[in-house]
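In what follows, a structure is listed as structure tokens, so that the remarks can point back to it.
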Amino acid sequence: MRIQTIPIKKFFFLLFIGYLISSCNNNEGDTIIPSTDKLTLFNLTDLPEIKLTIPLKDWNTLLTNYDLNSQNDKKVVSSFLFQLNGKTIKLDSIGLRLKGNTSRRRPEGNFGETHNTLSPDWHHCHFGLDFNKFNPLGAIILRKK
């Protein structure tokens, strides 16, 4: 009787595939919106509404981080809301940072100032979003609102 052996590379590949398949489960209580295809998400005839909400404390942290080092890449927590054709996707904890090399600037006020609620002095700037930064589970769970 001869025992057939599996090469080590093939064994680890099959073990890895088995791990991937077993980790793709839906935990009870999670409501997942089916993935939106590119043609729907980037539809040129319909205009989506996108809202970013940043808590005041985190916004002031973003301003302070810029004052300490204008080229820093530190992210603050914000929430993201995407609405299109009556469908809403809301993500509660995403990372927000300033972007740009030569175009990077302070988004509000002057050096050392925090947010001015009475008369904010907004500046044109670019932001980067990180949808995985503050997600402790390492996966995004989309909820229907």
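The values are calculated or read from the model by the stated rules, or taken from the named source; none is laboratory data. Nothing here was measured: the structure is a model prediction, and the numbers come from that model. Here the Cβ is made from the backbone with ideal geometry for all residues, glycine too, and neighbour counts use every protein chain on show.
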ask   = Applying the selection to segment 61-72, what residues are within 14 Å of Cys125 (Cα to Cα) and surrounded by fewer than 17 Cβ atoms within 10 Å (Cβ to Cβ)?
value = Ser70, Gln71
query = Based on what the data block shows, is Glu108 charged (D, E, K, R), farther than 28 Å from Leu47 by Cβ and at pLDDT 90 or above?
reply = no
note = Checked against (1) of a type outside the set (S, T, N, Q); (2) exposed (fewer than 14 other Cβ atoms within 10 Å of the Cβ); (3) at pLDDT below 90, Lys133 satisfies every condition except (2)
remark   = Subset of segment 97-109, residues assigned to a loop (DSSP other than H, G, I, E, B) and under 14 Å from Asn60 (Cβ atoms), comes to Arg106, Pro107, Gly109
request  = Confirm whether Arg104 is surrounded by 15 or more Cβ atoms within 10 Å (Cβ to Cβ), over 17 Å from Ile54 (Cβ atoms) and not polar (S, T, N, Q).
outcome  = yes
ask   = So Gly128 clears everything in (1) surrounded by fewer than 15 Cβ atoms within 10 Å (Cβ to Cβ); (2) modelled with pLDDT under 85; (3) outside any loop (DSSP other than H, G, I, E, B) except one condition, right? Which one?
value = (2)
ask   = Considering segment 53-74 alone, what residues qualify as being of a type outside the set (Asp, Glu) and farther than 25 Å from Leu91 by Cβ?
value = Leu68, Asn69, Ser70, Gln71
ask   = Consider Asn85 against the criteria (1) over 30 Å from Thr45 (Cα atoms); (2) exposed (fewer than 15 other Cβ atoms within 10 Å of the Cβ): it satisfies all of them except one. Which criterion is unmet?
value = (1)
